[in-house]
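Q: Here you go, one structure.
Only the coordinates and a few stated rules stand behind these numbers; no lab work does. Keep in mind it's a predicted model, so treat the numbers as computed, not measured. Don't worry about glycine lacking a Cβ; one is built from the backbone with ideal geometry, like all the others, and counts go over all protein chains shown.
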Amino acid sequence: MILHRDDDPSQRPVLLETSSFHEVTEIIAGPTETPLTTTWILLLMLSGSLMLLMAGLFGYLFWEGTGIWGINMPVAWGWDIVNFVWWIGIGHAGTLISAILFLFRQKWRTAINRFSEAMTIFAVMCAGVFPAFHVGRVWVVYYIFPLPNQMGAWPNARSPLFWDVFAISTYFTVSLLFWYMGLIPDLATMRDRARGTRRFVLSIFAIGWRGAARHWQNYERAYLILAAISTPLVLSVHSIVSFDFAASKVPGWHTTIFPPYFVAGAVFSGFAMVANLLIIAREVFGFKKVVLMHHLENMNKFMLLTGSLVGYAYAMELFIAWYSGNLYERFAFYNRALGEFWWSYWWMVSCNVLAPQLFWFKAIRRNLWAVFVICIFINIGMWFERFVIVITLHADFLPSSWGYYRPSWVDVFTFVGTFGLFFTFFLLFLKFLPQLAIAEVKGAMPEADPHHLPSAGHSAGGAHH
Amino acid sequence: MLFPKWTNKVPLVLLASLVVLLCFIVFAFAYWGSPKNYVVGYQPVQPIAFSHKIHAGELGLDCRYCHFNVEKGRHAGVPPTETCLNCHNIVRSGSKTGTAEIKKIHDAHSKGVPIQWVRVHKLADFAYFDHSAHVNKGVSCVECHGRVDQMDEVRAAQPLSMGWCLDCHRNPAPHLRDKKLVTNLAWTPGGDPAELGREFMKKYNVQPRTDCSTCHR
């Protein structure tokens, strides 16, 4: 017997609580058409000034050199790399939701995909600035591309740092294309509702979308292709980021568990960030009819899964360090947990392993306050995870070269400034673009089902033939 | 319809021009931005119209008479005013410039200030170069500085870029000669330079290194 979609809660059509296509358009496109509110302007000014702070500090770095950061031997990778990996990780939920969940026909993703794709793009931008400046002389950063040059030298194709450049730029490009392509039908919807300049601008970006069957056919095909391209990216990007560490010989970094463990961690933190942002936006913009409790709950389950995977990875790292019998490896982990930076290790464990375990309880999964706080902790924990990893450098093979690491004020404010960058773009997105995928949401409504009978309604499970 | 039909082509045209523009930028940097273009031919005006053509070419002075450090250290060195005075205490006027230029040597000497020669060849601080390592293995000045003995004013003849250094380090044979001939810029090998060079490679045990720490220490 074929199950009707309604029988399986995970496949339930998204929009049980709305009545018509028109209402969906109103809910989603409406906020982009109202005049700017004072709160929005104030928030934009706040995040804009933080972004300027970041720009100023990078200008200072440009002038003075990387010495103004806390990095020095033996810890030559400091907050900048921590922040880079953290932001890239945040960016992971986007592709996972838009690509993998799409291929698995998880319809509930339509409620959150636009949002998380936007978040991915902005997070990757925040991530990208760190390595660009970390190279020290950002004006020759083009050396990482294989361009002809006076040195007669090409980038080292055996270096993970080089793979990283391509992994991340591919990821960024594909995410951007994916996001934009999904936007086209919605931009056309907004265009049709608009007048004057707004209509003109929107029609440029809607590139002539008329909603013809032919358009939809191409659209679906392109969407599928992009989803197929980005599916391996979800796994590859953070694997390659982990190679930056794993391909070196530093004890505590040189482990084969890194790629899967990084990917799980990335998805984990990405979902936490999406949940945080979504909970706010849902309240502020009144999307409760579209972003259902059940969607947030699904995300929490994802966090429970990936959080447990991360916890397993931590345990396995400890076990292997002991089991390998390698003195340096053992010391690296002993030192992480009980050495000078013990506090960061325990922040990491409590936020990443313990906090998500609360999601076993349905009551907590459905309590948005609790979810919000837990997600914040997850993000803190994931930041500490990268800190713990990077800081392993402070005590490597030779005790004579051990040292301590302290970030400088520039490190701290640059990181704060990247939130400015992130939220500036995010606020602009919230105001000027449809925050949820209008067309896709409609596609997931009972009315879009060819078997849908208006009279019988969607509650009649066996209404189709 | 908001836009006329031709606008359909706009995105394509934009994309194509972007590709062309990017290629052009890369080409522009690689061609005009290369030291082959902006280093070669650099010829600053010197405070005294000292001519290598007269001194090294016509008078036949050996380079090491003035650049005495070239076999011993990293730097060839530029001679002190006293070296000029060895002759110019006697030679008080030249055939081209008369006494005007030579008088400057005496002025500098009596005032006790060194002559402010303008540097022609200069590597960045992060590149390590050693004259003695080259000259003592049979690499002539002419390989890197060109026919200085025919220049009135010294002019950079080679790009001194890393790619250029490496070209020779990877295949030094055609650039080698007898150690005794390194300052003889007019010398040419009778036969195949590579064949002769291989002989000297064996004789002097020449093995230029190409790992980064050779020149970036």
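Q: If I take R0 = 51 Å and measure r between the Cβ atoms of B:PHE3 and A:PHE166 in this structure, what FRET efficiency does the formula 1/(1 + (r/R0)^6) give, to the nearest 0.05?
A: Numbers: r = 36 Å, r/R0 = 0.71.
With a Förster radius of 51 Å, E is 0.90.
Q: Then there's this: For chain B, set up a GNM with springs between Cα atoms under 10 Å and report which of B:LEU15, B:LEU176, B:LEU166 has the largest fluctuation.
A: Looking only at B:LEU15, B:LEU176, B:LEU166, the biggest GNM fluctuation is shown by B:LEU15.
Q: Output the 0 to 90 degree angle, nearest 10, between the alpha-carbon long axis of helix A:196-205 and the longest principal axis computed from the alpha carbons of chain A.
A: 60 degrees
Q: Does anything in the range B:100-123 have its amide N under 18 Å from the 7 Å Cα→Cβ label point of B:ILE54, and if so which residues?
A: Counting backbone N atoms under 18 Å from the label point, the list is B:100-109, B:115-118.
Q: What angle, in degrees between 0 and 90 and rounded to the nearest 10, separates the Cα long axis of helix A:368-391 from the longest principal axis of the Cα atoms of chain A?
A: 30 degrees
Q: What average number of partner chain Cβ atoms lie no more than 10 Å from the Cβ of the residues making up A:199-209? Don't skip to the answer; put the middle values down first.
A: Details: counts 1, 2, 0, 1, 4, 5, 0, 1, 5, 5, 0.
So the per-residue partner count for this stretch is 2.
Q: Quickly rank A:198-204, A:173-179 as a protection proxy: mean count of other C-beta atoms within 10 Å, highest first. Mind dumping the intermediate values first?
A: Numbers: A:198-204: 16.3, A:173-179: 18.4.
Peptide ranking by packing, descending: A:173-179, A:198-204.
Q: Taking all pairs of different Cα atoms in the range A:56-158, averaging 1/r and flipping that mean, what Kirkwood radius in angstroms comes out?
A: Kirkwood radius, the range A:56-158: 16.2 Å.
Q: Tell me which of A:ALA99, B:CYS165, B:ALA108 sits at the most positive position along the dipole axis of the protein assembly as shown, charges placed on C-beta atoms (Lys, Arg +1; Asp, Glu -1).
A: B:ALA108
Q: If you don't mind, there's one more thing I want to ask. Could you tell me the distance between the Cα centroids of the range A:70-105 and the range B:1-45, to the nearest Å?
A: A separation of 33 Å, based on Cα centres.
Q: Determine, for B:MET162, A:MET273, the number of other Cβ atoms within 10 Å of each Cβ, and report the residues in order from fewest to most.
A: B:MET162, A:MET273
Q: Let me ask you something else. Taking a ≥ b ≥ c as the square roots of the eigenvalues of the Cα gyration tensor of the range B:56-113, is the shape rounded (a/c under 1.5), prolate (a/b larger than b/c) or oblate?
A: Taking the square roots of the gyration eigenvalues as a ≥ b ≥ c, the range B:56-113 is oblate.
Q: When Lys and Arg each count +1 and Asp and Glu each count -1, what net charge do the other residues less than 13 Å away from B:LEU61, Cβ to Cβ, add up to?
A: Overall, the nearby charge balance is -1.
Q: With a Förster radius of 56 Å, plug the Cβ-Cβ distance of A:PHE205 and A:TYR334 into 1/(1 + (r/R0)^6) and report the FRET value to the nearest 0.05.
A: The calculated FRET efficiency here is 0.50.
Q: List B:TYR65, A:TYR171, A:TYR219 from most exposed to least, where exposure is judged by having the fewest other Cβ atoms within 10 Å.
A: The fewest-first ordering by Cβ neighbours comes to B:TYR65, A:TYR219, A:TYR171.
Q: Same structure again: Starting from the Cα of B:ALA194, step 7 Å along the direction of its Cβ; do the same at B:CYS212; then give the gap between the two resulting points in nm.
A: Here the answer is 3.1 nm between the modelled labels.
Q: Something else now. Is the shape of chain A best called rounded, prolate or oblate, per the rule: a/c under 1.5 gives rounded, else a/b larger than b/c gives prolate, else oblate, with a ≥ b ≥ c the square roots of the Cα gyration tensor eigenvalues?
A: prolate
Q: Okay, moving on. Quick check: pseudo-label points 7 Å beyond the Cα along Cα→Cβ at B:TYR65 and A:LEU52, how many nm apart are they?
A: 6.7 nm
Q: Over the C-alpha atoms of the range A:100-201, what are the Rg and the largest Cα-to-Cα span, Dmax, in Å?
A: In order Rg, Dmax, the Cα atoms of the range A:100-201 give 19.1, 56 Å.
Q: Do the sum for the protein assembly as shown: with -39,500 (n - 2.57) for every DSSP H run of n ≥ 4, divided by all residues, what is the mean residue ellipticity at 222 nm, to the nearest 500 deg cm²/dmol?
A: One gets -18000 deg cm²/dmol as the mean residue ellipticity at 222 nm.
Q: Return, ordered by residue number, the residues of the range B:38-68 whose backbone nitrogen is under 15 Å from a label point located 7 Å along Cα→Cβ of B:CYS87.
A: B:49-68
Q: Find me the longest stretch of chain A that has none of the exposed GluC sites (Glu not before Pro), where exposed means in a DSSP loop (not H, G, I, E or B) with at most 16 other Cβ atoms within 10 Å.
A: It runs A:18-339.
Q: List A:SER47, A:SER269 from most exposed to least, where exposure is judged by having the fewest other Cβ atoms within 10 Å.
A: Arranged by neighbour count, lowest to highest, A:SER47, A:SER269 become A:SER47, A:SER269.
Q: Where in chain B are the DSSP H helices whose C-alpha atoms run 24 Å or more along the long axis and whose mean Kyte hydropathy is at least 0.0?
A: Going by DSSP H runs, the hits are B:10-31.
Q: Compute the acute angle (0 to 90°) between the alpha-carbon long axis of helix A:160-193 and the principal axis of greatest extent of the alpha-carbon atoms of chain A; round to the nearest 10°.
A: 20 degrees
Q: Please turn the phi angles of the range A:35-42 into ³J(HN,Hα) values with the Karplus equation 6.51 cos²θ - 1.76 cosθ + 1.60 (θ = phi - 60°), one per residue in order, whole Hz, x for glycine and proline.
A: x, 5, 9, 4, 4, 4, 5, 4
Q: Oh, and also: Can you give me the C-alpha center-to-center distance between the range A:215-242 and the range B:161-198, rounded to a whole angstrom?
A: 55 Å
Q: Quick check: from the Cα gyration tensor, does the range A:210-280 come out rounded (a/c under 1.5), prolate or oblate?
A: The shape class here is oblate.
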